[in-house]
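The values are calculated or read from the model by the stated rules, or taken from the named source; none is laboratory data. These numbers come from a predicted model, not from an experiment. Glycine gets a Cβ as well: all are built from the backbone with ideal geometry, and neighbour counts include every protein chain shown. The accessibility values were calculated without ligands, DNA or RNA, using every heavy atom of the protein model including side chains. Shrake-Rupley method; radii C 1.70, N 1.55, O 1.52, S 1.80 Å.
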Amino acid sequence: MEMKLEILGREVIKPASPSPQDLHQLSLGDVFCPAEYVSAIFFYKTISGESLSEEIISGRLKTSLSDTLSRFYPLAGKIEGDKIICNDEGAVFTEARTDLLLSDFLKNNILDSTNSLPQLPPTIAPGESAGTWPLVSVKVSFFGSGSGFALAASISHRICDAASVVTFVSGWAATAKAEPSNVGMNILPTFASTTIYPPPPTSFQSSVDDLYANKGKCIANRFLFKSSKIAELKRRAVSETVPVPTRVEAIMSLIWKCATISSRSNSVVQKKSTVMIQAMDLRLRLPSHVLPKDAVGNLQLPFFLKNGSESKMEIAEIVAEFRKAKEGVNEMIKENLGTTIPAAATLGPNLLSLLGLLASELKPDTDSYAMSSWCRKPFYEVDFGWGSPVWVGPPLHSISNFVFVLLMDSKDGEGVEAWISLPEQDMSVFVGDQELLTYAVLNPPVLI
């Protein structure tokens, strides 16, 4: 069933109060990220018996967004070089409408041939860019017969990672609900800036976008790992060194193995080397006095595993290497925090050396798979006053531009949805991999 989405309006929302600062310094970790948007789409079902007009919903969202931008003031600014000019330029707010019911969209249209999901994120107009302005762009799309709406929030990756997006949207939701007791509404966010990573050197010219470019057309698909199947996979991933694997370790190891097999089946070079890159959230590994849990910025550290061209890939062995790599990074962090020198002076350079080591492994003849886990992040707790979302997903365009794997919690919090983007010829093999399909279901409908 094709979705026809009508754009109702597009406007710029200014902060409710002026910025307290003129400039915000970006770190080397910020400018290392691609000039893309980190995005999420939240789907809300109309509460039974409640009748709210589109005007009331949009009005509340716009007013609360304005108030929220005052607290997250750098996000209302504009990037120039390695700084954000905090000029209160604002965020873009778009409204749209479709006659399609929310339940029909989720059941039939997420990844079908009508290509409906990419219509929901904000459209970037000529002259706009995640590398300049707007740093925040949102779009609310109303479904037919008052059945619900989708809210897509996109924030520039040059200032925010996924955890930062959750912090911003949670603060916005708390403001919309007008609950002064809500922590998200009262506490001013901490913009990490150069707390961990130093500012880029004067001569720094970022060509990092080339690292994220795809090697041709990519196709994205969604796989659901149910909790019972995750338990089976984790049992298979057990080894002497890792008696209790995590679900993320097990699932990412399986995906890496199957993606590598798919690539090698299509390659002239049958046994190419392959690299799995995993983003690690530093907020979860640093004490809060060094880095608050709700800090805003690019506070990730990518670590990687490499599999040689002659190596066999067994799940338990991959998980063991996965755990070893993580523990190595954790130990390095612990050693650096054990000194009296500020974290940015010791930890930052060591983290940058790991980034340099990763960059040296990204070669044209090596397959690289960037992976990120959004599991355990409170996406399903974002409530603007109309209940929690019935489903949350990433905008398709944000992962289908390059090879990427993104894990998210399913609605019940027990299963995992894996959004996977691979080169077209590899995906045609990947979706038929029987080892993968033993544990995952391809694009099941979302029922509400």
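Answer yes if at least one residue in segment 199-217 is under 29 Å from LEU52 (Cβ atoms) and either at pLDDT below 90 or in contact with an Asp or Glu (Cβ under 7 Å, 6 or more places away or on another chain) (or both), and no otherwise. Looking through segment 199-217, none of the residues is under 29 Å from LEU52 (Cβ atoms) and either at pLDDT below 90 or in contact with an Asp or Glu (Cβ under 7 Å, 6 or more places away or on another chain) (or both).
When we screen ALA91, ALA76, ALA35 for residues that are within 17 Å of THR132 (Cβ to Cβ) and modelled with pLDDT under 95, the only hit is ALA35. Which residue is most open to solvent (accessible area, probe 1.4 Å), if the candidates are limited to segment 305-325 and must be closer than 24 Å to ALA162 by Cβ and either in a helix (DSSP H, G or I) or at pLDDT below 90 (or both)? For segment 305-325, the residue satisfying everything is ARG323.
Of all residues in segment 275-294, one or more are in a helix (DSSP H, G or I) and touching a residue at least 40 places away in the same chain (Cβ under 8 Å).
Can you tell me which residue in segment 41-55 is surrounded by the most Cβ atoms within 10 Å (Cβ to Cβ), limited to those that are among the hydroxyl-bearing types (Ser, Thr, Tyr) and without any contact (Cβ under 8 Å) to a residue 12 or more places away in the chain? Top of the filtered list is SER53. Scanning segment 66-80 for any residue that is of a type in the set (Lys, Arg), out of contact with any Lys or Arg (no Cβ under 7 Å at 6 or more places or on another chain) and more than 30 Å from GLY146 (Cβ to Cβ) turns up at least one such residue. So which residues in segment 426-448 are under 16 Å from ALA259 (Cα atoms) and either assigned to a helix (DSSP H, G or I) or open to solvent by less than 20 Å² (accessible area, probe 1.4 Å) (or both)? ASP426, MET427, SER428, VAL429, PHE430, GLN434, GLU435, LEU436, LEU437, ALA440 - these are the residues of segment 426-448 that are under 16 Å from ALA259 (Cα atoms) and either assigned to a helix (DSSP H, G or I) or open to solvent by less than 20 Å² (accessible area, probe 1.4 Å) (or both).
Rundown of residues vs (1) outside any helix (DSSP H, G or I); (2) in contact (Cβ under 8 Å) with a residue 24 or more places away in the chain; (3) open to solvent by 10 Å² or more (accessible area, probe 1.4 Å), yes/no style:
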| site | (1), (2), (3) |
| --- | --- |
| GLY131 | yes, yes, yes |
| VAL138 | yes, yes, no |
| SER154 | yes, yes, no |
| GLY171 | no, yes, no |
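Scanning segment 60-113 for residues that are more than 30 Å from ASN221 (Cβ to Cβ), among the aromatic types (Phe, Trp, Tyr) and not in a loop (DSSP other than H, G, I, E, B) yields TYR73, PHE93.
Number of residues in segment 104-129 that are open to solvent by 50 Å² or more (accessible area, probe 1.4 Å) and under 17 Å from VAL392 (Cα atoms): the value is 3. The sole residue among ASN350, ASN330 that is modelled with pLDDT of 80 or more, farther than 21 Å from THR241 by Cα and open to solvent by 40 Å² or more (accessible area, probe 1.4 Å) is ASN350. Restricting attention to segment 415-425, does a residue exist that is within 27 Å of THR175 (Cα to Cα), open to solvent by 20 Å² or more (accessible area, probe 1.4 Å) and assigned to a helix (DSSP H, G or I)? Taking every residue of segment 415-425 in turn, none turns out to be within 27 Å of THR175 (Cα to Cα), open to solvent by 20 Å² or more (accessible area, probe 1.4 Å) and assigned to a helix (DSSP H, G or I).
Within segment 233-251, the set of residues being out of contact with any Pro (no Cβ under 7 Å at 6 or more places or on another chain), surrounded by 14 or more Cβ atoms within 10 Å (Cβ to Cβ) and in contact (Cβ under 8 Å) with a residue 24 or more places away in the chain comprises LEU233, ARG236, SER239, VAL242, PRO245, ARG247, VAL248, GLU249, ALA250, ILE251. Under the condition of being in contact with a helix residue (DSSP H, G or I) (Cβ under 7 Å, 6 or more places away or on another chain) and free of Cβ contacts under 8 Å to residues at least 24 places away in the same chain, the residues counted in segment 355-370 number 0.
From the list VAL441, VAL429, the one residue that fits, being touching a Ser or Thr at 6+ places or on another chain (Cβ under 9 Å) and aliphatic (A, V, I, L, M), is VAL429.
Taking the conditions (1) within 17 Å of GLU317 (Cβ to Cβ); (2) over 24 Å from the mean Cα position of the chain (by Cα); (3) aliphatic (A, V, I, L, M); (4) modelled with pLDDT of 95 or more in turn, ILE261 satisfies each one other than (4). Show the residue pairs meeting these rules: Cβ distance below 7 Å; 6+ apart or different chains; first residue within segment 182-193 and more than 13 Å from VAL290 (Cα to Cα) and modelled with pLDDT under 60; second residue open to solvent by 90 Å² or more (accessible area, probe 1.4 Å) and of a type in the set (Ser, Thr, Tyr). Qualifying pairs under 7 Å: none.
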